[in-house]
Amino acid sequence: MLKIGNYEFQSRLFLGTGKFPDFDIQKTAVDVSETEVLTFAVRRMDIFEPNQPNFLEKLDLQKYKFLPNTAGAKTAEEAVRIAKLADASGICHMVKVEIIGCDKTLLPDPVETLKATEQLLAEGYTVLPYTSDDVVLARRLEELGAHAIMPGASPIGTGQGIINPVNLQFIIEQANVPVIVDAGIGAPKDAAYAMELGADGVLLNTAVSGAKDPVKMAKAMKLATEAGWLGFEAGRIPMKRYASASSPLEGISIV
């Protein structure tokens, strides 16, 4: 069971909702992923216009928790304003703080992220800040009271997978709140690796929506996330430099 604030989830796969070829493919991909959390950029949806076609119309809204994000914000002030818009719509009181500090790399602004997280926490939101793989920044966000930390595996949409597993593992080891690996996941092996390192979940979008077959990829990501988590819980064998026979030779006479 994954617990974030007052929310509990069975699935450890969070799925973004942007860039799908069409609503039907999007709905089917969401269904087969068995995710319980859907995230979307508030700025890219007219959440107050009921006549605008959107993917929400095709979903059983009782099955999901929505994680609106503040994508597009450049300052803490903008991020807080976007979060309040989502809250006012009645979608969810949980928010992913995303404040981009570099347009080329889409890496988050650490200073503004800290400011927005602190303000939204003070106003009672369940806050999940998106951050880089900065170990100290992750600790500072947790000390503020963030309900989960969301470090990127690599820059948004690049599909490079986990480029700094050492820092990511440091973040996971020191955290007392869930760590959701967010951004840069490109293939099922990346999701499995994140979970094997001890992450509590993964959030991805482009890896599914941009795949040749988004539905099959959504299922692959579901299975990879589950396999990686089971592998982490099971405890992998230590790596050795030399071979070690799987069938012991003691007590066997060779003629």
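The values are calculated or read from the model by the stated rules, or taken from the named source; none is laboratory data. Fair warning: this is a prediction, and the values are worked out from it, not measured in the lab. Every residue, glycine among them, receives a Cβ derived from its backbone with ideal geometry; neighbour counts consider all protein chains shown. These accessible areas exclude ligands, DNA and RNA; they are computed on the full protein's heavy atoms, side chains included. Shrake-Rupley method; radii C 1.70, N 1.55, O 1.52, S 1.80 Å.
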**Report entry** Vicinal HN-Hα couplings computed from phi for the range 155-161 (Karplus, 6.51 cos²θ - 1.76 cosθ + 1.60; Hz; Gly/Pro x)
**Finding:** x, 3, x, 7, x, 7, x
Report task. Would you mind classifying the range 185-245 by shape? Square roots of the alpha carbon gyration tensor eigenvalues, ordered a ≥ b ≥ c; an a/c under 1.5 is rounded, otherwise it is prolate if a/b is larger than b/c and oblate if not. Result -> prolate
Query raised in the report: So how much slack lies between ASN176 and ASN164, counting 0.36 nm per residue of separation and subtracting their Cα-Cα distance, in nm?
Result: 2.3 nm
Requested in this report: Compare ILE163, ILE100, ILE149 in a GNM of the chain, Cα atoms joined below 10 Å, and give the one with the largest fluctuation.
Outcome: ILE163
Report task. Sort out for me the Cα centre separation of the range 159-178 from the range 1-34, rounded to whole Å. Result -> 22
Query raised in the report: Gaussian network model of the chain, Cα springs within a sub-10 Å range: biggest mean-square fluctuation belongs to which of ARG241, ARG140, ARG81?
Result: ARG241
Query raised in the report: How much length is gained on full extension from MET1 to GLU123, taking 0.36 nm per residue of separation minus their Cα-Cα distance?
Result: 41.2 nm
**Report entry** When each of LYS115/LYS189; LYS63/LYS84; LYS19/LYS189 is checked by Cα-Cα distance, pairs over 27 Å
**Finding:** LYS115/LYS189
Report task. With r as the distance between the Cβ atoms of GLU78 and ASP134 and R0 = 25 Å, compute the FRET efficiency 1/(1 + (r/R0)^6) and round to 0.05. Result -> 0.70
Report summary line: With all protein chains in place and a 1.4 Å probe, ASP133 shows an accessible area in Å² (nearest 10) of 40
**Report entry** Ellipticity estimate at 222 nm from DSSP helix runs (n ≥ 4, -39,500 (n - 2.57)) divided over the chain, nearest 500
**Finding:** -11000 deg cm²/dmol
**Report entry** Carbon + sulfur, % of accessible area of the chain - ligands and nucleic acids excluded, 1.4 Å
**Finding:** 53
Report summary line: Labelled set [x] 0.99; [y] 0.92; [z] 1.09; Cα Rg over 2.2 N^0.38 Å computed from this model equals the value at [z]
**Report entry** Degrees separating the helix 135-144 axis from the principal Cα axis of the chain, which is the longest one
**Finding:** 50
Query raised in the report: Out of GLY228, ILE99, VAL30, whose Cα points farthest toward the positive end of the dipole of the chain (charges: +1 Lys, Arg; -1 Asp, Glu; placed on Cβ)?
Result: GLY228
Query - the chain - charge dipole about Cα centre, Lys and Arg +1 at Cβ, Asp and Glu -1, debye rounded to 20 - result: 500
